[in-house]
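A.B. asks: After the structure tokens below, expect a handful of questions from me.
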Amino acid sequence: MVEVRDCDALAKASVHLPGFKALEAESPTSDIHLYTYAKKEHVRDADIHVRMFSPLDGASEDPATGSSNG
């Protein structure tokens, strides 16, 4: 789990496959869960915004981020 600065940083995040492969060699998981507490102006009901990347598991990003919130 990695906290990012704000929603803009979260939106700009992307998969860097060599980094995920290096993470896989050193960690029991190669998934990355990014989150921020920053508010989006058009989403007033959410306190935390998340994205879940898991390219080595066959999905670049969990589109509903269900895996990262369960």
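A.B. asks: Hey, can you tell me all the residues within region 2-19 that are over 10 Å from the mean Cα position of the chain (by Cα) and in contact (Cβ under 8 Å) with a residue 24 or more places away in the chain?
C.D. replies: ARG5, ASP6, CYS7, ALA9, LEU17
A.B. asks: Same structure again: Are there any pairs with C-beta distances below 7 angstrom linking a residue in region 28-40 that is open to solvent by 60 Å² or more (accessible area, probe 1.4 Å) to a residue that is at pLDDT 75 or above and not acidic (Asp, Glu), with the two at least 6 apart or on different chains, and if so which?
C.D. replies: As it stands, the answer is TYR37/ILE48; LYS40/CYS7; LYS40/HIS49, since those pairs meet every condition given.
The values are calculated or read from the model by the stated rules, or taken from the named source; none is laboratory data. It should be emphasised that the depicted structure is a prediction, and the values quoted were computed from it without experimental measurement. Here the Cβ is made from the backbone with ideal geometry for all residues, glycine too, and neighbour counts use every protein chain on show. In case anyone asks, the SASA skips ligands and DNA or RNA and just uses the protein heavy atoms, side chains included. Shrake-Rupley method; radii C 1.70, N 1.55, O 1.52, S 1.80 Å.
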